[in-house]
1. Find the residue count for region 180-213, including only residues that are under 26 Å from residue 289 (Cβ atoms) and in a loop (DSSP other than H, G, I, E, B).
2. Among 77, 67, which is in a loop (DSSP other than H, G, I, E, B), of a type outside the set (Ser, Thr, Tyr) and at pLDDT 95 or above?
3. Return the pairs, sorted by first residue and then second, in which the second residue is among the small types (Gly, Ala, Ser) and not in a helix (DSSP H, G or I), the first residue lies in region 324-337 and is over 13 Å from residue 48 (Cα atoms) and assigned by TED's automatic domain parsing to the domain that holds residue 294, the beta carbons are less than 8 Å apart, and the residues are 6+ apart or on different chains.
4. Within region 304-355, which residues are in contact with a Pro (Cβ under 6 Å, 6 or more places away or on another chain), outside any loop (DSSP other than H, G, I, E, B) and farther than 18 Å from residue 281 by Cβ?
5. Could you go through region 165-178 and let me know if any residue there is part of a helix (DSSP H, G or I), surrounded by fewer than 15 Cβ atoms within 10 Å (Cβ to Cβ) and among the acidic types (Asp, Glu).
6. So if I check each of 89, 143, which one is at positive phi and within 21 Å of the chain's Cα centre (by Cα)?
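The values are calculated or read from the model by the stated rules, or taken from the named source; none is laboratory data. Everything quoted here is computed from the prediction, not taken from an experiment. Note that each Cβ is placed from the backbone with ideal geometry, even for glycine, and that neighbours are counted across all protein chains shown.
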Amino acid sequence: MSYLFVLPTVALLLLLWRSGSGLLRMGGAIWVRVRFDPADYGLPSREELDVEHAGPPLPPDRAKAIDAVAHAAGSGDWRSAASYVEGAGRDWDERWSRLELLVHLADKDDAWLRDWRAAEPKDCVAATVHAQLLLQGAWSVRGTGYAHTVSPDLMSRFRALLRETMDAAEKAATLDADDPGPWVVMITAARGLRFEHDRFQRVWLELFKRAPHHYMGHRQALEYWCAKWAGSHKLMMDFAERAVHRAPAGSPLAGIYLHALDELASRPRDATLPSTPAAKEMLESIAHSFDQVIDDYERLPRLRHLLAHYLVEAQCYDTALEQFRRLGPWCGAEPWTRHRSPARAFDLTRGIAARRSRQVVEADTSGNGPNG
């Protein structure tokens, strides 16, 4: 059995009462106890749950390539880094993922990056890594709190660094007219600089025409359109829904919608999660879209964790159970890590999906369903 803090909605409490689960009140919070045997549903045992990782290890060849690039950069060899990014070709999502690795390495020691830029001053990738480093530096000055928690001095430094970032990204964009990377940096900087909608849209369209399905570009633009930045809940959700509808086969783009739900969930005083039949269909559509993404795509496990959570919230139990089967024992990701015991949070939620999924099947096969 497992326990988790749950928002005590009437529907959920009634659901748990009918399924034979128990309730436990601890310190003002409500915890739910779900009795189920994971093996009955093709799920790993509780003893196998892994709270350290969001998903399985990287494929050996990819892990080896990353280690090689990291070792080369540590030795001052920038050519391996350059080749690593170029190896992604025009797969812009993969290219950005590889560029993020270079940013991470340069954040620790950028001597190799400075040598690269000196040797290849017209290299767009090197210039984009530099711009993204500036961007990260700006955000580290600001911090992650709401604007009213940031002192005027820090906010002034933040905006000055963002202007420097924007200049660097604009210069990088002139080095390769096709590469969307610099525009992803600009999208993020534009949010921090509080661009007006029309001005932001011009930057967005430049990214969109180069890479209309760019995952991180959409992720950063979603932040711009949320209420705490320059938009509203409606503008954010409209943007997220368009992302789901335009996601091509094999792309994780539909997952943008899950980040929008996360934003709504973080603001319970002025926003509620969509609960219409259309919203449930949206989640089912995302699940179908994820079926077409390669299993070793590194962002997929974290997105699948969010999807499983929101499918249970929406009472789409059959589809949620399938997500938990695909996730296996891995539970070191949000939303579970927001709780004191991620393993218990994960286990409770998959238990709800399992129990309710089985009851639906039993009702249909016993003649008690709508067509019985």
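1. 4
2. When all the criteria are applied, what remains is 77.
3. 325/42; 333/54; 333/55
4. Matches in region 304-355: 336 only.
5. Taking every residue of region 165-178 in turn, at least one turns out to be part of a helix (DSSP H, G or I), surrounded by fewer than 15 Cβ atoms within 10 Å (Cβ to Cβ) and among the acidic types (Asp, Glu).
6. That would be 143, the only listed residue that is at positive phi and within 21 Å of the chain's Cα centre (by Cα).
For every residue, the table says whether it meets (1) surrounded by 20 or more Cβ atoms within 10 Å (Cβ to Cβ); (2) closer than 18 Å to residue 264 by Cα.
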residue	(1), (2)
294	no, no
297	no, no
305	yes, yes
309	yes, yes
312	yes, yes
319	yes, no
323	yes, no
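To keep it simple, each residue is scored yes or no on (1) farther than 21 Å from residue 191 by Cβ; (2) in contact with a helix residue (DSSP H, G or I) (Cβ under 7 Å, 6 or more places away or on another chain); (3) in a helix (DSSP H, G or I); (4) hydroxyl-bearing (Ser, Thr, Tyr).
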| site | (1), (2), (3), (4) |
| --- | --- |
| 260 | no, yes, yes, no |
| 263 | no, yes, yes, no |
| 270 | no, no, no, no |
| 279 | yes, no, yes, no |
| 283 | yes, yes, yes, no |
| 287 | yes, yes, yes, no |
| 297 | yes, no, no, yes |
